[in-house]
Amino acid sequence: MNMGNSKQTSRQQLIPPTHQSVKAGFVVYSPKSEDRSIVILEEGELVARETTPPYSTVFTMRPGDLVGVAALLEREPFKYELSASQDSKITLVTEECMESELKRLPLWLLALIRNLSAKTHQLKKATVQTRVQNTLKSLAEYLSHKPQDTEFNLAELIREFSFLTKISTATTQEDLKSLLRRHLIKLSQKNGRIFCKIIDPELLKIFTDYLQAQECESEFIPYKLTYIQKKILVFLSASEDLTAKTGPEWISLIHKKFSIADVSQWINLLKLEWFQKNDSDSDQFFINKEKIQYFLKALRYETNIRGVL
Amino acid sequence: MTLDEGQVLFYEGDLGQNLYVVRNGELQGTNTRNGEVNTYGPGALLGELSLIKNEPSPETVTATEECELLEITPEVFNKTLEKEPVWFKSIIQFLTGRLSIAQVNKHKSDKIKALPSLLYILDTCSSRPKGDLGVEISLTDIVDCVHNLFNSAGYDIEELLHILEELDILNVQGATVLIKNANVIHLLYESIRYRAQFKKTPPQILSMTEQMVLNAVIKAVQQSNAPLKNGTFTIETAFLLNISKRAMFGATLTTRTLLPLLEHKLLSTPIPLNKGDALPEIEAIPSFSGDFDTILDLMELNRIYPLLDKKLV
């Protein structure tokens with residue numbers, strides 16, 4: 001590939017652009033026409049109008065302005081009629097002319113033009129599409145904010161979810177099946193309508209976090225616990241000790257119960273957020289019951305979360 | 001030019017002016033603002049907008065393996081263009097301008113489209129009251145939830161939170177977001193949802209006359225000494241008429257002007273006003289009642305609703 005030197009192989013006959021003098025009222029371009037060209041206004045004035053009543057003026061071109069680049073390079077339709085509002089001089093770069101010009105450009109310049117055009121096209125496309133890439137994660141997050149054991153009209157849920165995410169109904173229905181298979185939601189039918197019940201919003205939240213970890217190509221933390229950490233988890237969940245203790249006191253308590261647990265294990269437990277402080281200046285820790293429950297639930301329902309029922 | 005593995009071509013925000021074409025090897029671009037990661041292989045271009053518009057680099061580009069690049073300086077670029085017809089430069093400028101507009105539009109669109117998701121998360125997370133000071137939610141939780149739901153970038157969410165803060169709906173205090181009035185968030189979410197679904201003005205959005213009447217009602221309640229009963233007020237019609245003369249800027253309060261608010265059940269009367277019956281004179285109705293908080297929240301929604309659209313666009 002030689003991006004810098006193309007002229008030696010691509011010297012071809014150059015088709016020059018067409019110069020025209022047009023009278024006021026002359027139609028320079030009509031959307032009905034199959035011919036595509038870039039129109040450059042040299043002198044005078046051109047107006048672009050709607051093709052349907054009341055034929056409103058969309059924009060006016062002054063000398064130096066040009067239109068039709070997207071129509072020529074990207075086949076984007078130019079939907080307005082372009083006419084001269086006064087006697088004008090124009091230059092028309094036809095498809096053939098542009099093609100011959102592009103062929104003799106250095107490859108890097110040709111690549112630059114194509115890149116500018118392609119990036120614009122991608123951005124325009126992305127503007128009308130949903131931003132969501134993992135639709136299942138999005139649905140799980142949405143449902144995790146709904147209250148437990150309430151029967152929701154499924155059609156209403158899908159409508160609201162689509163309003164939020166612009167994800168198609170067909171995709172959402174497939175994702176609902178995936179949640180149903182994992183027993184994270186329940187569906188029922190009454191009077192010809194389907195209702196959806198959230199079994200446990202926290203479980204859906206855990207599932208969302210699991211999918212997020214998968215996206216980041218990292219193991220979901222609750223499923224990375226060592227055997228001893230799992231035993232400590234069960235011990236802490238059963239503990240009714242709500243009193244705050246210093247780090248050394250907790251280390252001593254845990255070590256008494258699990259002799260192989262040492263200071264490094266304590267540091268790991270802090271990273272897992274199983275203990276928290278009342279305030280940042282305090283040296284007293286207490287069990288973070290919410291986090292403990294989260295880990296326990298993630299482990300208890302691992303088959304549901306992994307979808308290996 | 002060549003780059004070794006791990007060598008940085010340019011950093012995010014750098015004001016480079018050169019265009020690079022990848023001849024061999026692979027580079028990776030990372031954007032800290034939106035977390036995007038792009039890979040550039042043979043034939044890919046880097047730094048187009050830096051060359052043409054002197055724009056800062058949107059990402060940090062690092063060679064992931066040994067690379068060979070073609071470097072195009074502004075001098076080479078301009079000399080090449082000088083050899084081309086004059087109109088050719090206009091086409092490049094046009095394409096560049098169009099790309100810049102598309103980038104701005106995409107950013108605006110991402111922000112606008114993230115608003116319903118943000119309001120949904122704020123609305124559903126507001127059910128954790130803390131004292132009388134409103135509702136506190138962790139900023140990280142909000143950003144994570146909206147990201148999971150709509151894949152929104154953190155800076156889009158923070159910009160939206162800033163707009164809501166300017167509208168006095170919430171306060172961002174370090175790592176915490178304090179929602180001042182959860183009901184208003186709920187009303188705003190439902191209004192936007194209604195507008196999107198039915199493509200018409202939501203019923204919560206009141207006409208100017210309705211707002212003037214409710215403004216008079218609020219002033220009357222605030223100035224009267226009668227206590228609220230379970231949040232419900234009752235104001236004497238004579239007192240309301242007196243207040244409305246000043247609060248309604250010359251407009252006259254009549255049964256007809258009050259009718260839409262009675263129909264929406266925002267206000268009620270001790271005597272029944274049946275549909276189809278001739279409307280009584282306002283003086284014939286002894287008093288008006290309603291839920292004060294509901295009216296205050298609705299008025300707050302009507303203050304915010306038109307401003308939000310302006311701030312987003």
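Quick notes on this structure:
- Residues in the stretch B:36-68 that are at the interface with chain A (Cβ under 10 Å from one of its Cβ atoms), hydrophobic (A, V, I, L, M, F, W, C) and in contact with a strand residue (DSSP E or B) (Cβ under 7 Å, 6 or more places away or on another chain): B:Ala44, B:Leu45, B:Leu46, B:Leu51.
- Condition broken by B:Val76, with the remaining ones in (1) within 20 Å of B:Asn18 (Cβ to Cβ); (2) open to solvent by 80 Å² or more (accessible area, probe 1.4 Å); (3) at the interface with another protein chain (Cβ under 10 Å from one of its Cβ atoms) satisfied: (2)
- When B:Thr39, B:Thr62, B:Thr32 are checked against the criterion of being open to solvent by 20 Å² or more (accessible area, probe 1.4 Å), among the hydroxyl-bearing types (Ser, Thr, Tyr), part of a loop (DSSP other than H, G, I, E, B) and over 28 Å from B:Arg195 (Cα atoms), B:Thr32 stands alone in meeting it.
- No other residue among A:Lys277, A:Lys297, A:Lys245, A:Lys257 is among the charged types (D, E, K, R) and under 25 Å from A:Phe220 (Cβ atoms) apart from A:Lys297.
Residues checked against (1) assigned by TED's automatic domain parsing to the domain that holds B:His186; (2) open to solvent by 80 Å² or more (accessible area, probe 1.4 Å); (3) closer than 16 Å to B:Phe292 by Cα:
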site: B:Asn215; (1), (2), (3): no, no, yes
site: B:Ile218; (1), (2), (3): no, no, yes
site: B:Val221; (1), (2), (3): no, no, yes
site: B:Gly231; (1), (2), (3): no, no, yes
site: B:Leu241; (1), (2), (3): no, no, no
site: B:Arg246; (1), (2), (3): no, yes, no
site: B:Lys265; (1), (2), (3): no, yes, yes
site: B:Asn274; (1), (2), (3): no, yes, no
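- Taking (1) more than 10 Å from chain B (Cβ to nearest Cβ); (2) surrounded by fewer than 20 Cβ atoms within 10 Å (Cβ to Cβ); (3) at pLDDT 90 or above; (4) not in a helix (DSSP H, G or I) in turn, A:Lys79 satisfies each apart from (3).
- Any hit, the stretch B:94-101, residues being more than 7 Å from every other protein chain (Cβ to nearest Cβ), open to solvent by less than 60 Å² (accessible area, probe 1.4 Å), in a loop (DSSP other than H, G, I, E, B) and closer than 23 Å to B:Tyr40 by Cα: no
- Residue within the stretch A:33-51 that is over 21 Å from B:Ile91 (Cα atoms), modelled with pLDDT under 85 and outside any helix (DSSP H, G or I) present: yes
- Taking each residue of the stretch B:2-13 that is among the hydrophobic types (A, V, I, L, M, F, W, C) and looking for partners that are loosely packed, with under 12 Cβ neighbours inside 10 Å with beta-carbon atoms closer than 8 Å, six or more apart or interchain, yields nothing.
- Test for B:Ile163: is it open to solvent by less than 40 Å² (accessible area, probe 1.4 Å), away from chain A (no Cβ under 14 Å) and not basic (Lys, Arg): yes
- Taking residues in the stretch A:81-95 that are in the same structural domain as A:Val58 (by TED's automatic domain parsing), and partners anywhere that are open to solvent by 10 Å² or more (accessible area, probe 1.4 Å) and among the hydroxyl-bearing types (Ser, Thr, Tyr), the pairs with Cβ atoms closer than 6 Å and at least 6 places apart or on different chains are A:Glu81/A:Ser30; A:Glu81/A:Thr51; A:Leu82/A:Tyr29; A:Lys89/A:Ser21; A:Leu92/A:Thr18; A:Leu92/A:Ser37; A:Val93/A:Ser37; A:Thr94/A:Ser37.
- Scanning the stretch A:232-271 for residues that are in contact with a helix residue (DSSP H, G or I) (Cβ under 7 Å, 6 or more places away or on another chain), part of a loop (DSSP other than H, G, I, E, B) and open to solvent by less than 60 Å² (accessible area, probe 1.4 Å) yields A:Phe258, A:Ala261.
- Residue count for the stretch A:7-44, restricted to those that are of a type outside the set (A, V, I, L, M), more than 26 Å from A:Trp108 (Cβ to Cβ) and open to solvent by less than 40 Å² (accessible area, probe 1.4 Å): 3
- Scanning the stretch A:116-150 for residues that are more than 7 Å from chain B (Cβ to nearest Cβ) and assigned to a helix (DSSP H, G or I) yields A:Ala118, A:His121, A:Gln122, A:Lys125, A:Val128, A:Thr135, A:Leu136, A:Leu139, A:Ala140, A:Leu143, A:Ser144.
The values are calculated or read from the model by the stated rules, or taken from the named source; none is laboratory data. As the structure is a computational prediction, the values presented were derived from the model and not from experiment. As a convention, Cβ positions derive from the backbone with ideal geometry for all residues, glycine included, and neighbour counts pool all protein chains shown. To get the accessible areas, we keep the full protein, side chains included, count just its heavy atoms, and leave off ligands, DNA and RNA. Shrake-Rupley method; radii C 1.70, N 1.55, O 1.52, S 1.80 Å.
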